[in-house]
Every structure is written in C-alpha cells, then in structure tokens.
Amino acid sequence: MNETPQRQPAWFLALFALAVAGGTIAYVPLLTVLLPLRIAAISGGEDVAGLSLVTFLGAIVASIANIAFGMLSDRTGSRIPWIVGGLVISSALLVAIGEARTLGEAIVLVMLWQAGLNMMLGPLVAWAGDCFPDSQKGVLGGALALAPAMGALSGSLVTFEGWIEPVDRLTWVAGIVVALVVPALLAGRGRRRAALMRADAATERMHEEAPRRQRSLVARMWIARFLVQIAEAGLFAFLLFWLRSLDPDFHENTAANIFSAVLVVSVPLTIAIGRWSDRRVRPILPLAASAAGAAAGLLAMAFAGGMGSAIAGYVVFGISASIFLSLHTAQTLRVLPQPRHRGRDLGIFNLTNTAPSMVMPWLTLALVPGFGFTGLFVLFAALAMLAAVLLAAISQPAAR
C-alpha cells in the first residue's frame with residue numbers, strides 16, 4: 001500500500017511561491033527592459049541583432065547549466081546549498097551587467113549570469129517536486145503564477161520615472177531577489193516528503209507495462225510547452241520593440257506596466273483554475289484550453305488595426321500564456337517517472353524555456369524584415385494551436 005504524501009501548509013506554499021517569484025525577478029526586468037536598454041545604449045540605437053546574439057548565447061549557457069545543476073542536486077541529495085550558491089553568484093553578476101561598456105562585455109557577463117541563475121533555478125524547481133504532492137499540484141501552479149506577475153511588477157518599479165536612478169536599477173533587482181528567496185530556504189528544511197522521493201507504484205507500473213505511453217505523455221508535455229514558449233519568448237524579448245514599431249514614442253515604463261497588469265490579472269485566474277483542476281482531477285484540460293487562448297490572442301495581435309486592438313490582443317495572449325506556463329510547471333512534476341532524477345529531468349524540460357530563446361531570434365530576423373511582426377505572430381499562433389491539439393489528446397495521468 002502506498003504512503004500518501006502529506007500536504008504542505010499554506011504558509012510554506014506561499015513562501016515557496018515567493019522564492020520562485022524571486023527567481024523570476026532575477027531575470028524578467030533584465031531581459032524584458034533593462035538588457036534591451038543596455039544594448040541600445042552600447043550600440044547607439046535599438047539593435048535587434050545585438051540583442052538576439054546576447055539572448056541566443058545566454059540561452060545556450062542556461063540550457064546546459066540547468067541540467068548540470070539539476071543533476072548535481074540529485075546526486076548530492078540536497079537542493080538548498082545549490083540554491084544558495086546560485087543566488088549569491090547570479091546576484092553579483094546581475095549588478096555587473098549594468099556596468100558593461102561593449103557588446104562583448106555584455107555577452108560574457110550575461111553568459112556567466114545565466115550559469116549562476118540556473119544554479120539557483122534548477123534545484124529550486126526540483127525542490128517543489130520533493131515537497132508538494134499531486135493533490136496540491138494545481139494550487140501550486142496557481143501560486144507560481146505570482147512569479148511572472150511579480151517579475152513584471154519589479155520591471156515597472158525599477159523603470160518608474162524618477163523613482164530609481166537608472167544606474168541603481170539592477171542593484172535594486174538583486175536586493176529584491178535575495179529578500180524573496182532567503183525566507184523559503186530558512187523555513188524549508190525538513191519539508192521534503194519521503195513518499196515523493198521514490199516512484200509510486202502506479203507510475204512504476206505504467207513505466208514498466210506501457211513505456212511507450214509514458215514516453216508519449218512526457219514528450220507531448222515537452223513539445224507543447226516548447227511551442228508555446230517560442231511565442232512567449234518572442235514577446236518577452238521584443239515586446240518593447242514591437243510596441244515602438246506601432247508608436248515610436250512608446251515609453252519603456254508603459255510597456256512594463258502593460259506586461260505587469262496582464263500578469264497580475266493572471267494570478268487569481270490561475271489559482272482558481274488550479275484549484276478546479278485539483279478538485280476535478282483534470283490537470284491537462286486547462287493546459288489545452290489556455291494554449292488555444294494564447295493562439296487567439298496572437299492572431300488578434302497579428303491583424304490589429306491600431307494600438308488599442310494590439311494591446312487587447314496582447315492581454316488575451318499574455319493571460320492565456322501565463323495560465324498555461326504556471327500550471328504546466330506544476331503538472332510536469334506529476335508526469336516525470338523517476339524522482340531520483342527529478343533535477344536532471346526538469347533540466348531537460350527547462351530546455352522548453354531556453355531553446356525557444358535560441359530559435360526565436362532567428363525566426364524574428366528571418367520574418368520581421370520581410371513580413372513584419374504580423375507574419376511572426378501568425379506563425380506563433382499556429383504553434384500555440386498545435387500545442388493545444390497535442391495536449392487535448394492526453395488522457396489524465398494518475399495522481400498521488
């Protein structure tokens with residue numbers, strides 16, 4: 001008879017969600033607003049090619065580092081020391097990026113920063129699988145929606161006119177990250193659940209009796225996130241440039257505020273949907289529906305007739321993508337077959353976050369000059385709809 005993992009108290013779930021939010025704040029303001037501005041300052045203008053190169057090389061390092069540090073945290077049997085080390089290293093390098101004076105310096109610093117960041121993020125997400133049972137995966141996913149919202153709000157905060165001096169923006173970001181991550185680490189010792197550190201009988205039986213079905217389930221989850229993330233990465237990196245293609249005077253703080261508002265609205269919606277999926281034991285259905293919603297928003301953006309309709313389309317896309325990505329992160333923990341390799345396997349799933357940043361810049365450079373952002377967004381919409389179709393065909397996995 002299987003041991004039923006004990007649920008975590010709400011206070012620890014909240015602290016963990018804040019820690020993940022801290023990890024998100026470590027990169028959202030930088031990659032959405034502050035890095036494009038730094039590249040523009042270095043290059044003397046909005047350098048799409050320069051930003052694409054920095055994003056591409058940083059994503060390569062992030063991909064390797066997340067898998068490597070996930071594996072190391074598996075082998076050592078401890079996540080917290082790796083999280084602490086990554087927090088210290090990434091915070092110091094984050095501040096250093098603001099001092100870059102050439103494109104080469106920016107590239108090197110971003111690559112090193114990505115290594116330190118993923119030293120923290122890989123073990124942090126794996127720690128969730130060690131602590132939270134399947135009966136809390138939906139609400140965990142809902143709570144994780146707080147992370148992108150707080151990441152976006154931090155971008156609005158540090159770019160608010162007259163609030164923080166530009167030279168101090170990245171120092172403030174690093175301080176916020178430390179303040180959010182440390183409490184969960186201090187309170188989280190001893191919160192791992194023994195039953196979650198070994199494969200349950202149902203999962204082992206599925207893996208032994210129907211390995212193709214198990215591999216198909218994992219593959220569909222991976223591909224679906226990858227497809228949605230290509231679109232999300234495109235908007236993540238080039239949102240400001242797209243808005244300025246519609247209005248050259250569009251301010252970076254306004255872009256950050258729109259990004260923030262969309263993600264803040266997503267939080268209660270994702271929590272409500274996550275609770276529903278826990279109670280009905282329907283973890284996959286909300287993923288398929290939100291992927292379809294993202295496709296609809298992208299089509300609206302592609303054929304927008306003005307700034308108002310463009311922003312409306314982005315709102316639909318942003319809310320749908322946020323719901324999808326937050327719930328998908330938690331439900332991925334449900335389908336991984338081997339807890340002893342959780343960190344490694346999540347690192348492989350993290351390729352769905354980093355590989356799109358390698359693909360997306362070249363898609364942008366290939367399509368935008370000839371077809372504008374319209375062609376790019378139509379392609380993104382097709383990818384998101386394909387993700388919805390893949391997920392809609394998945395039967396509901398067993399819970400524990």
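If residue 237 meets every condition in (1) under 22 Å from residue 387 (Cβ atoms); (2) modelled with pLDDT of 75 or more; (3) in contact with a helix residue (DSSP H, G or I) (Cβ under 6 Å, 6 or more places away or on another chain) apart from one, which number is that one?
That leaves (2) as the condition not met.
Taking residue 56 as the residue in question, decide whether it is touching a Pro at 6+ places or on another chain (Cβ under 8 Å), surrounded by fewer than 18 Cβ atoms within 10 Å (Cβ to Cβ) and touching a residue at least 40 places away in the same chain (Cβ under 8 Å).
Yes, satisfied.
For residue 317, indicate whether it is within 19 Å of residue 240 (Cβ to Cβ), hydrophobic (A, V, I, L, M, F, W, C) and crowded, with 24+ Cβ neighbours inside 10 Å.
Considered against the rule, which asks whether it is within 19 Å of residue 240 (Cβ to Cβ), hydrophobic (A, V, I, L, M, F, W, C) and crowded, with 24+ Cβ neighbours inside 10 Å, residue 317 comes out as yes.
Mind checking whether some residue in the range 231-239 is over 14 Å from the mean Cα position of the chain (by Cα) and either in a helix (DSSP H, G or I) or surrounded by fewer than 17 Cβ atoms within 10 Å (Cβ to Cβ) (or both)?
yes
I'm trying to understand the selection: among the residues of the range 73-85, which are surrounded by fewer than 19 Cβ atoms within 10 Å (Cβ to Cβ) and more than 13 Å from residue 124 (Cβ to Cβ)?
Listed by number, the residues that qualify are 75, 76, 77.
Looking at the range 290-304 only, could you name the residues that are surrounded by 23 or more Cβ atoms within 10 Å (Cβ to Cβ) and in contact with a Gly (Cβ under 6 Å, 6 or more places away or on another chain)?
The answer is 297, 301.
Anything in the range 15-42 that is over 18 Å from the mean Cα position of the chain (by Cα) and open to solvent by 50 Å² or more (accessible area, probe 1.4 Å)? List them, or say none.
38, 41
Looking only at residues in the range 181-212 that are charged (D, E, K, R) and either modelled with pLDDT of 80 or more or within 27 Å of the chain's Cα centre (by Cα) (or both), which one is farthest from residue 5 (Cα to Cα)?
Among those residues, the one meeting the criterion is 189.
Quick test of your reading of the structure: residue 178 fulfils all but one of (1) within 20 Å of the chain's Cα centre (by Cα); (2) surrounded by 17 or more Cβ atoms within 10 Å (Cβ to Cβ). Name the failing condition by number.
Result: residue 178 passes all but (2).
Those residues that are open to solvent by less than 10 Å² (accessible area, probe 1.4 Å), in a helix (DSSP H, G or I) and not aliphatic (A, V, I, L, M), I need them from the range 262-289; list them, please.
Of everything in the range 262-289, those that are open to solvent by less than 10 Å² (accessible area, probe 1.4 Å), in a helix (DSSP H, G or I) and not aliphatic (A, V, I, L, M) turn out to be 266, 270, 274, 277.
Which residue out of 304, 292 is outside any helix (DSSP H, G or I) and closer than 21 Å to residue 380 by Cβ?
So the residue among 304, 292 that is outside any helix (DSSP H, G or I) and closer than 21 Å to residue 380 by Cβ is 304.
If I filter the range 340-354 for residues that are open to solvent by 20 Å² or more (accessible area, probe 1.4 Å), of a type in the set (Ser, Thr, Tyr) and in a helix (DSSP H, G or I), do I get at least one hit?
No: zero hits.
Applying the selection to the range 305-314, what residues are surrounded by 18 or more Cβ atoms within 10 Å (Cβ to Cβ) and free of Cβ contacts under 8 Å to residues at least 24 places away in the same chain?
Correct list: 313 only.
Kindly check whether there is at least one residue in the range 72-90 that is in contact (Cβ under 8 Å) with a residue 60 or more places away in the chain, small (Gly, Ala, Ser) and out of contact with any Phe, Trp or Tyr (no Cβ under 8 Å at 6 or more places or on another chain).
Scanning the range 72-90, I find no residue that is in contact (Cβ under 8 Å) with a residue 60 or more places away in the chain, small (Gly, Ala, Ser) and out of contact with any Phe, Trp or Tyr (no Cβ under 8 Å at 6 or more places or on another chain), so the answer is no.
The values are calculated or read from the model by the stated rules, or taken from the named source; none is laboratory data. All figures in this text were calculated on a predicted structure; none of them were measured in a lab. With ideal geometry, Cβ positions are generated from the backbone for all residues, glycine too; neighbour counts draw on all protein chains shown. Side chains included, ligands, DNA and RNA excluded: accessible areas come from the protein's heavy atoms. Shrake-Rupley method; radii C 1.70, N 1.55, O 1.52, S 1.80 Å.
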